[in-house]
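Working notes, beginning with the structure itself.
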Amino acid sequence: MKKHITTFITLTFLLCLQVVFGTDIMAAPEAVGAMDGLTTLWNFTGFANIDYFNLIMISVGLFFIFLAVKYDYEPLLLIPIGTGIILGNIPGAEAYGVYAKDYLTSLVASGQLDAGQATPSVLEYLYFGVQQGIYPPLIFLGIGAMTDFSSLISNPKLMILGAAAQIGIFATFLGASALGFTPQEAGAIGIIGGADGPTAIFLSSKLAPHLMGAIAIAAYSYMALVPVIQPPIMRLIIPKKERAIKMKPPRAVSKTEKIMFPLIALLLTTFISPSALPLLGMLFFGNLLKESGVTERLADTARNSLINIITILLGITVGASTQASVFLTTDSLKIFGLGALSFIVATAGGLLFARFLNVFLHKNNKINPLIGAAGVSAVPDSARVVQQEGLKTDPNNHLLMHAMAPNVSGVIGSAVAAGIMLSFLL
C-alpha cells in the first residue's frame, strides 16, 4: 500500500513539473533517475514509515503537554516527558533514540550496516543516567535542599500517616503478582503507589528495566493528576464534620533541631533500609546543606540549577523511552490500571488511618483526617489539595503546614519501602 502511495505522489509531482515547464519529463531518460531519487527520499521520511501506534504515542505526548499548559498539572515534568514521547516515536528515527544501540546492532547482524558505523545516539548517552539510577538520587538531593521538615519535627506522630499511605505500594505488589508479573516486576510496579517518580525510576532500573518506561509514565501521570484523583476520595471517606476539624498551630522549631533532624533521620532510615541509601543519603544531605546555614551556595545550586537540569534530562529521556514498539503492550495497560488502583489505595490508607488515630487522641488535640491524603509522596501537590479541601469546608481552616508533615514523611516512607523491596527481590 505504501509503495503505491509513493508511486502516485512521485508521478503527480513529475506531471506538475511537466505542466509548469511544458516539457515531457516522463519521456526523458533522466525521469527514471529522478523518480528513483524521489522515491528513495520519500522512503526515508517519517511519512513513509508512519504507523498508527506512533500516532497514538505522539497523541499521548501532545496530551501531556496540553495538561501542563492548560491546567498547570506538573508542567516541569509533563512538558519534558511529553516532548520526549514525541521524540521517541518519530517513525524512521530509531537510530537516534534511546534504544539506538539495539537497533543498530540488529542492522549490523543483518549485514545492512558496518560495525564501525554503529555509534550511540545523544539520547542514548543521556538515557544512561536513567538506566543506571543516577538521576533519581540527584533529584532527591534537590528535594532535600528545598524541603522544610519543621512541621514534621514539631509533630512527629504525623509521620505515621506517611507510613500508612505506603500501603498502596504493598497492595499493588500483591495485585501485580496476581496478574502474572514476576516478583521483581511486581516490586517495581508496586512503588507507583508511593506517587514518587524518582523512586519508581530508581527501583525499576534495578528490578525491571524493560518496564521502566511504563512505570515512570504511570507514576508521573498520577502525580500530575493528584488534584483530580484525590478530592473525590477525600470527600467519600471523610465526613464533613471531620473535614472541618481545626488543628493547633505547629510549635516553633529551633535551628539545632533542624540541623540534627537530617543527621538522625539519615542514620535511622539507612540502618533500617541500607538499600535505600542512594536516595535517602542524598535527600538528607541536601537538607543538611539547607539547614546548616554555612553552605547556602551549595544548597542553592542543588535546589535550583542542578535539580532543573536533571529534571529536563530525566523527563526527556524517560519520555523518549516510550517507543510504541516497546510501550504499547498488554503489560503497559496492566501497569496503568495497577497504578491507578495503588494511588487510590494509598490515598484511602492515609485517610482511614488518620481517622483511626483520632480515636486515641484527646478531643482538643484531634487531627484533621484530610491530611492523611498527603501521605503519598507527591510533594507538594497533595498537601495543596488538602489545603484546598479544608478551605472548601471552612474558609478559615488552613491545613497546608500540617499536611506537609505526612507529605515529606511519605517521601521518606516510599524510599524506605523501595529499599526493602530491593533487599528482598534483587
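Of the residues I143, I153, I238, I189, which single one is at pLDDT 90 or above and surrounded by fewer than 22 Cβ atoms within 10 Å (Cβ to Cβ)?
I153
Restricting the stretch 321-331 to residues that are small (G, A, S) and farther than 21 Å from P136 by Cβ, which is surrounded by the most Cβ atoms within 10 Å (Cβ to Cβ)? First the steps, then the outcome.
Keep residues of the stretch 321-331 that are small (G, A, S), which gives 321, 324-325.
Filter once more, keeping what is farther than 21 Å from P136 by Cβ: 324-325.
Numbers: A324: 20, S325: 13.
Going through the qualifying residues, I end up with A324.
What's the total number of residues in the stretch 248-262 that are over 28 Å from N397 (Cβ atoms) and out of contact with any Gly (no Cβ under 9 Å at 6 or more places or on another chain)? Even if it seems obvious, please write down each step before you answer.
Our first condition is that a residue be over 28 Å from N397 (Cβ atoms); within the stretch 248-262, this holds for 255-256, 259-260, 262.
With out of contact with any Gly (no Cβ under 9 Å at 6 or more places or on another chain) added as a condition, the list becomes 256, 260.
So the count comes out to 2.
Please count how many residues of the stretch 380-417 are within 26 Å of A219 (Cβ to Cβ) and not in a loop (DSSP other than H, G, I, E, B).
Within the stretch 380-417, the subset within 26 Å of A219 (Cβ to Cβ) is 380-389, 399-400, 402-417.
Those left that are additionally not in a loop (DSSP other than H, G, I, E, B): 381-389, 400, 402-417.
So the count comes out to 26.
Step by step: first the residues of the stretch 328-387, then only those that are closer than 16 Å to A403 by Cβ and of a type in the set (S, T, N, Q), then the one that is modelled with the lowest pLDDT. Which residue is that? Working first, answer last.
Restricting attention to the stretch 328-387, the residues satisfying the condition of being closer than 16 Å to A403 by Cβ are 346-347, 349-351, 353-355, 357-358, 366-387.
Still in the list and also of a type in the set (S, T, N, Q): 347, 358, 368, 377, 382, 387.
Working: T347: 92, N358: 91, N368: 94, S377: 81, S382: 90, Q387: 94.
Applying the filter and picking the extreme gives S377.
Can you confirm whether T322 is part of a helix (DSSP H, G or I) and either farther than 21 Å from V130 by Cα or in contact (Cβ under 8 Å) with a residue 40 or more places away in the chain (or both)?
It is false that T322 is part of a helix (DSSP H, G or I) and either farther than 21 Å from V130 by Cα or in contact (Cβ under 8 Å) with a residue 40 or more places away in the chain (or both).
Which number in (1) in a helix (DSSP H, G or I); (2) surrounded by 19 or more Cβ atoms within 10 Å (Cβ to Cβ) marks the one condition that S377 misses?
Unmet for S377, out of (1) in a helix (DSSP H, G or I); (2) surrounded by 19 or more Cβ atoms within 10 Å (Cβ to Cβ): (1).
Residue by residue through the stretch 54-111, note down the ones that are of a type in the set (A, V, I, L, M) and outside any helix (DSSP H, G or I). If you could, list the steps in order and put the result at the bottom.
We begin by selecting, within the stretch 54-111, every residue of a type in the set (A, V, I, L, M); these are 55-58, 60, 62, 65, 67-69, 76-79, 81, 85-87, 90, 93, 95, 98, 100, 104, 107-109.
Hits for the stretch 54-111 are I90, A93, V98.
Which of the numbered conditions does F64 fail, given that it passes all the others? Conditions: (1) touching a helix residue (DSSP H, G or I) at 6+ places or on another chain (Cβ under 9 Å); (2) at pLDDT below 85.
That leaves (2) as the condition not met.
Can you give me the number of residues within the stretch 342-372 that are within 17 Å of P231 (Cβ to Cβ) and among the hydroxyl-bearing types (S, T, Y)?
Matching residues across the stretch 342-372 total 1.
Could you please give the count of residues in the stretch 308-320 that are among the polar types (S, T, N, Q) and surrounded by fewer than 24 Cβ atoms within 10 Å (Cβ to Cβ)?
Going through the stretch 308-320, the residues among the polar types (S, T, N, Q) turn out to be 308, 311, 317.
Subsequent filtering for residues that are surrounded by fewer than 24 Cβ atoms within 10 Å (Cβ to Cβ) retains 308, 311.
Within the stretch 308-320, residues that are among the polar types (S, T, N, Q) and surrounded by fewer than 24 Cβ atoms within 10 Å (Cβ to Cβ) number 2.
Got a number for residues in the stretch 270-304 being assigned to a helix (DSSP H, G or I) and loosely packed, with under 15 Cβ neighbours inside 10 Å?
Narrowing the stretch 270-304 to residues assigned to a helix (DSSP H, G or I): 270-272, 274-292, 296-304.
Next, only the ones that are loosely packed, with under 15 Cβ neighbours inside 10 Å stay: 271-272, 274, 296-297, 304.
The total comes to 6.
Of all the residues that make up the stretch 88-101, how many are within 30 Å of D72 (Cβ to Cβ) and surrounded by fewer than 19 Cβ atoms within 10 Å (Cβ to Cβ)? Break it down stepwise before answering.
Going residue by residue through the stretch 88-101, those that are within 30 Å of D72 (Cβ to Cβ) are 88-90, 97-98.
Narrowing further to those that are surrounded by fewer than 19 Cβ atoms within 10 Å (Cβ to Cβ): 90.
Residues flagged as within 30 Å of D72 (Cβ to Cβ) and surrounded by fewer than 19 Cβ atoms within 10 Å (Cβ to Cβ) within the stretch 88-101 amount to 1.
Report, by residue number, each residue of the stretch 177-212 that is of a type in the set (S, T, N, Q) and in a helix (DSSP H, G or I).
Going residue by residue through the stretch 177-212, those that are of a type in the set (S, T, N, Q) are 177, 182, 184, 199, 204-205.
Selection gives S177, Q184, T199, S204, S205.
Identify, please: which residue in the stretch 344-390 is of a type in the set (G, A, S) and more than 23 Å from Y73 (Cβ to Cβ) and is, among those, nearest to the chain's Cα centre (by Cα)? Steps first, please.
Restricting attention to the stretch 344-390, the residues satisfying the condition of being of a type in the set (G, A, S) are 346, 348-350, 354, 372-375, 377-378, 382-383, 390.
Then keep just the ones that are more than 23 Å from Y73 (Cβ to Cβ); that gives 349, 354.
Details: G349: 22, A354: 27 Å.
Across the stretch 344-390, the extreme among qualifying residues is G349.
The values are calculated or read from the model by the stated rules, or taken from the named source; none is laboratory data. Keep in mind that what you see is a predicted model, and the values were worked out from it rather than measured. No Cβ is skipped: glycine too gets one built from the backbone with ideal geometry, and neighbour counts run over all protein chains shown.
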